[in-house]
There are 2 protein chains.
Amino acid sequence: MYAGIDLGGTNIAVGLVEDGRIICKDSIKTNSGRGADEIIADMAEMIKTLCEKCGKSCDDIESIGIGAPGTPDKENGIVSNVHNITDEKLEFRKELGAIFNKPVFIENDARCAALGEMTSGAAKGYKNAIMVTLGTGVGGGIIIDGKLQCGCNYGGGEIGHMTVAMDGEPCKCGERGCYEQYASATALVRIAKREIEKNKDNDMYKKMQEGAEVDGRFIFGYAHENNPLALSILDEYTRNVGVGIVNLVNIFQPEIIVVGGGVSAQGDFLLNPIREYVRKHAFTKNLPIAEIKAAELGNDAGIIGAAMLKE
Amino acid sequence: MYAGIDLGGTNIAVGLVEDGRIICKDSIKTNSGRGADEIIADMAEMIKTLCEKCGKSCDDIESIGIGAPGTPDKENGIVSNVHNITDEKLEFRKELGAIFNKPVFIENDARCAALGEMTSGAAKGYKNAIMVTLGTGVGGGIIIDGKLQCGCNYGGGEIGHMTVAMDGEPCKCGERGCYEQYASATALVRIAKREIEKNKDNDMYKKMQEGAEVDGRFIFGYAHENNPLALSILDEYTRNVGVGIVNLVNIFQPEIIVVGGGVSAQGDFLLNPIREYVRKHAFTKNLPIAEIKAAELGNDAGIIGAAMLKE
């Protein structure tokens, strides 16, 4: 049995994992802005409570893994620069290790999700998979030969910050033309707002003026009704997503690309145009090409992936 | 002892390799347009002659490797789509295997060069290296954990066809904005011609009008003399090269990036501005970052890498 923790800006989700499946889980609000000690104490408490609930002893836990945003110092099990959660360093290995006397591993949250999807989700059974998470930003998890790739400084896999448009949209990382400025859910909303403003006779404009929030649900809702403006917004967006996926295909030729994030709940409605774009634009048109599938585990991917972490 | 063959559009280079070093080598003109049988017969003849020259028997050869452009079918040891060399399939394993009764392996030429540089060149001692070859196009070789990465269909590593500028320069692959349209030696010449045309008072324009060929040598020659136009051309070019290297750093965080191709002979004069660009623009500014070095083996890299090929 393994404990997996997904530390997010909104929730802390904890689960006990056996054979790649969550047997018991719980989540609490992160309550950003508090001290690292409090956050870690809450995590420890949740693990203990979950063990009780499942009729297990904390001694049955083989290791504890934490997926978190920020900069992971994997050698020492410390996460820093998680500014939207706490200004302090999160000394996971030291503190959780002292409480449970078990190995403690940390990893970037997007990579944990990839590991989770490979363990028991959309990429199960594949050894060469890339997960692309389309959320507020774009996260990445790259698995080669069954092994999560982190690069020599644990900073690899930042596919959201691959330049796809030199001198393009400014990114919050300080650069321009980063993939996440074109393919994130945030980018979808930006594109939509720009296009809606240009089409004041469309119902989407009226609804926006009436105060409707322009988000994924709003855009996809209209698209499902064949609203031409919504469809053209999605044309641009899926093409943008496709450009980055083609890059990953040309570079890696993975067996599968798993698309995660809220928009992936749209399934084939989102993925079919992306699949078509990739088939048409990948460099190797005459070779078999990566499957493109929606993530299957949702938020559980992060817990399962964290639980699977090893030295 | 291993035999390595580098099949290029201009030359066929063959070498015998021991302990990662070429002990004997030779090259002949490719004479494009002839039949596959003739090309392979020439290769076999060269291997035999080299063995004699070194006082070795062909039986001392452990395996034969061939680096070639085109589409490698590694399962069967066949290379096809080498249109600038021959319209026929090159059945290396079948034909060279029949002559020498040794294992025959094939690989993409850019990947062989990467393997060669890792075996005894700029990336020696590194396990995570990317080679970027700036030639007529841009080739790539990706090594992770000491292993050449080819992807599930042997088509991976096409970093020259990573989109860095959506809707940008048209590429001969049919897409737009491919990295090689910005970072290849061909792109350098295109940028130079465009800029020289705009600066008719510069000496470079006069020389071009007098019939001087605008190539790397011409551009770097003026740059070494501090010609401001040549320097501004190189500013644009090194920035372009840097954009793609930043992408590779953000995705892989390799230990080292080896820059090959004719322009890499410029050494630090080319690489220093690229290093500066990468340090400034990589996503992980606070972490140690890949070394950037010039390739060391030149054309020998292809022979050595081919000789190192394994199952």
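For n ≥ 4 DSSP H runs only, could you compute -39500 (n - 2.57) per run for chain B, divide by its residues and tell me the 222 nm figure to the nearest 500?
Theoretical 222 nm ellipticity from helices: -12000 deg cm²/dmol.
Which ³J(HN,Hα) values, rounded to whole Hz and listed in residue order, are derived for the range A:149-158 from phi using the Karplus coefficients 6.51, -1.76 and 1.60 in 6.51 cos²θ - 1.76 cosθ + 1.60 with θ = phi - 60°, glycine and proline given as x?
Values, residue by residue: 9, 10, x, 5, 10, 6, x, x, x, 7 Hz.
Taking Cα atoms, how many degrees apart are the long axis of helix A:109-120 and the longest axis of chain A, rounded to 10 and kept between 0 and 90?
Orientation of helix A:109-120: about 80 degrees from the principal axis.
Using only the alpha-carbon atoms, how far is helix A:268-281 inclined from the longest principal axis of chain A? Give it as 0 to 90 degrees, nearest 10.
That works out to roughly 70 degrees.
Can you list residues from other chains, or at least 5 along the same chain, whose modelled amide H is less than 5 Å from the amide H of residue B:23?
B:16, B:17, B:18
Please give the helix A:228-252 orientation as an angle from the longest Cα principal axis of chain A, in degrees from 0 to 90, rounded to the nearest 10.
Approximately 60 degrees, to the nearest 10.
Using the structure shown, list the pairs from A:285/B:74; A:172/A:193; B:172/B:193; B:127/B:293; A:147/B:280; B:74/B:102 with a Cα-Cα distance above 21 Å, or answer none.
Details: A:285/B:74 18 Å; A:172/A:193 19 Å; B:172/B:193 19 Å; B:127/B:293 15 Å; A:147/B:280 30 Å; B:74/B:102 16 Å.
As for pairs spanning more than 21 Å Cα to Cα, those are A:147/B:280.
Under 8 Å for C-alpha pairs, at least 6 residues apart: give me the relative contact order for chain A, rounded to a whole percent.
Here the relative contact order equals 21 percent.
For chain A, the longest stretch holding no trypsin sites (Lys or Arg not before Pro) located in a DSSP loop with at most 15 other Cβ atoms within 10 Å is which?
A:35-123
Shortest first and in nm to one decimal, what separations exist between residue A:224 and its copies in the other chains, measuring from label points 7 Å along the Cα-to-beta-carbon line?
For residue A:224, the inter-copy label distances come out at 6.7 nm.
Indicate the gyration tensor shape class of the range B:236-311 (rounded, prolate or oblate), computed on the Cα atoms with a ≥ b ≥ c the square roots of the eigenvalues: a/c under 1.5 is rounded; otherwise a/b larger than b/c is prolate and the rest oblate. Can you show the working numbers first?
On the way: a/c = 2.60, a/b = 1.48, b/c = 1.76.
Verdict is oblate for the range B:236-311.
I need to check one value: relative contact order of the range A:175-311, counting alpha carbon pairs closer than 8 Å and at least 6 residues apart, in percent.
23
FYI, it's all coordinate maths here, none of it is from the lab. Since the model is a prediction, treat every value here as computed from it, not as a measurement. For neighbour counting, all protein chains shown are included, and Cβ atoms are generated from backbone atoms with ideal geometry for every residue, glycine included.
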